[in-house]
Amino acid sequence: MNRNSLIVKITLVVLFFLVVLGGFWFLKYHRENKKNELVHGGSNSPLYEPGDKPMKVYLRAVEMDNGKFFSFQTTIYQSKTRVNQMRQLLLAFLNGARTGKGQVPVPEGLKLNDFYFTPQGIAVVDVSTSDIQPGQFGFYEEVLFIRGLIESLSQNFFEIKQVKVLVNGTEALTLAGHYALGTADLGGLVTQSVNTF
Amino acid sequence: MKKSQLTLIAYLAAALILGAGWNDKVLAEGDKPQIVIDPGHGGSDAGSRDGSEVEKDWNLKFALALDKAFEADGYQVLMTRTSDVAVDSEARVNMINSSNARAVLVIHADREWTRTQNGPFLVVEPPNQNALAASDSIQPYGAISSPQFHASLKLAVDIGQKLGVNTSLSDLSDSRGTVEVVSPYGKVACLPHQDLRYLSKPAVVLTPLFLTSDSDLKKFSDSAAMDQFAHKVAQGVSNSIQIAPAAGGAAQ
């Protein structure tokens, strides 16, 4: 056996192991990703790791001197999954500023129960309204909340085709007594393909 | 002729006469166009609040003023409540849908935390018949046909014009109403509202004031301002359903 033939054989063996290892890694990563992105969104996993790079997103808020919407920039982190990025953005929106010249249209006491993203491109946002003080969430405020939520999510994630709002885990008739969930087609708020139920 | 036959004939004649009388009464009332005024909330359901201002009380005040204005203009008015009582939502919908109303005004004062919004603000339910056809899951949520939507939108615009507000469609509106001109300052919005979704008549939610607006509260602390507002609303409705106010009515 000459020297060149030996080198070729060793190279082929190394390449074979690399291909096997690469395939194993791809399948494992792909399966985890699929599980996180399509089934439930990996609510038990951390939203991002310390080494993850920062990522700029835009949220919708309301100017306190005229009541009109504007966008502001904030930073989340690139995590393993897009759904964790969506979850970070959602938390940034819900926990956004409630003082100052620009505020998020989220009433005190509104809480996020759960968030997940379906294979059909539906971002499901499950909120609790039970801790909002009675009489402190009027129809106009419900409209601003729904619009701010949909625009914040859909303008940063092209994958989102629809936004579905659940109240305490169920498909409620209204968000807080007035805004009728279930028939709304809010396509015009963002793009023709983004709706809400 | 037997006695029993005579009795039967007498009963039939009485029924015919009474029935004719009842029909005459219905026809006489039917000559007046009917309007439904539906003051939101009531009783234990206070609606929105801001400080000491309570929505259900304002809704009733405006509804009573509107009742007076419509009666003066020759309308027959059906009120879903005339005092501080809770009305079951199903009973309310049945009352409205089984009426002969040409228009329905659902009264809701509102609140808004930036305190920049003033009334009046008008909301119409977007059409949803296509959605009904597309998905059985939406069946329980009522059906607003395109003609009903356009009749409601006309009603809102006519009222808005009489009140002197910007009747462009608000940019907060649902996309299904965006065939109209959209403006960030529009005071007519096409949005899904729980109190409109089941109604089968042309209907609008009329928000006369925001509890969070000092100027609105100041304006309507004067009962004359409220009466004037109610009269303009009645004129707007008359324009919409093309009925001239009765002679000697509240027209000024």
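The values are calculated or read from the model by the stated rules, or taken from the named source; none is laboratory data. These figures come from a predicted structure and were not determined experimentally. Note that we place each Cβ from the backbone using ideal geometry, even for glycine, and neighbour counts take in every protein chain shown.
For every residue, the table says whether it meets (1) under 20 Å from B:His41 (Cα atoms); (2) β-branched (Val, Ile, Thr); (3) not in a helix (DSSP H, G or I).
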site	(1), (2), (3)
B:Leu196	yes, no, yes
B:Leu199	yes, no, yes
B:Lys218	no, no, no
B:Ala224	no, no, no
B:Val233	no, yes, no
B:Ser240	no, no, no
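Those residues that are under 21 Å from A:Phe139 (Cβ atoms) and charged (D, E, K, R), I need them from the stretch A:95-118; list them, please. Matches in the stretch A:95-118: A:Arg98, A:Glu108, A:Lys111.
Here A:Gly102 meets each of (1) surrounded by fewer than 21 Cβ atoms within 10 Å (Cβ to Cβ); (2) of a type outside the set (S, T, N, Q); (3) under 18 Å from A:Leu181 (Cβ atoms); (4) within 14 Å of chain B (Cβ to nearest Cβ) with one exception, condition (3). Filtering the stretch A:63-120 to residues that are basic (Lys, Arg) and under 27 Å from B:Gly186 (Cα atoms) leaves A:Lys68, A:Arg98, A:Lys101. Being modelled with pLDDT of 95 or more and either more than 24 Å from B:Cys190 (Cα to Cα) or among the charged types (D, E, K, R) (or both) is the requirement here; does B:Ala65 meet it? Taking the combined requirement at face value, the residue satisfies it. Of the strands (runs of 3 or more DSSP E) lying entirely inside the stretch B:66-127, those containing at least 1 residues that are more than 13 Å from chain A (Cβ to nearest Cβ) are B:76-79, B:103-107. Looking only at residues in the stretch A:122-160 that are over 30 Å from B:Asn59 (Cα atoms) and surrounded by fewer than 16 Cβ atoms within 10 Å (Cβ to Cβ), which one is farthest from the other protein chains (Cβ to nearest Cβ)? The residue in question is A:Glu159. Based on this model, can you work out whether A:Glu141 counts as at pLDDT below 90 and farther than 16 Å from B:Asp171 by Cβ? Spelling it out, it is not the case that A:Glu141 is at pLDDT below 90 and farther than 16 Å from B:Asp171 by Cβ. At pLDDT 90 or above and out of contact with any helix residue (DSSP H, G or I) (no Cβ under 6 Å at 6 or more places or on another chain), is that true of A:Gly102? Criteria met by A:Gly102.
Cβ-Cβ contacts under 8 Å between residues 6 or more apart (or on different chains), taken from a first residue in the stretch B:182-198 that is facing chain A (nearest Cβ under 7 Å) to a second residue that is aliphatic (A, V, I, L, M) and in a loop (DSSP other than H, G, I, E, B), are listed as B:Leu191/A:Ala184; B:Leu191/B:Leu172; B:Pro192/A:Leu181; B:Pro192/A:Ala184; B:Gln194/A:Leu173; B:Arg197/B:Ile144.
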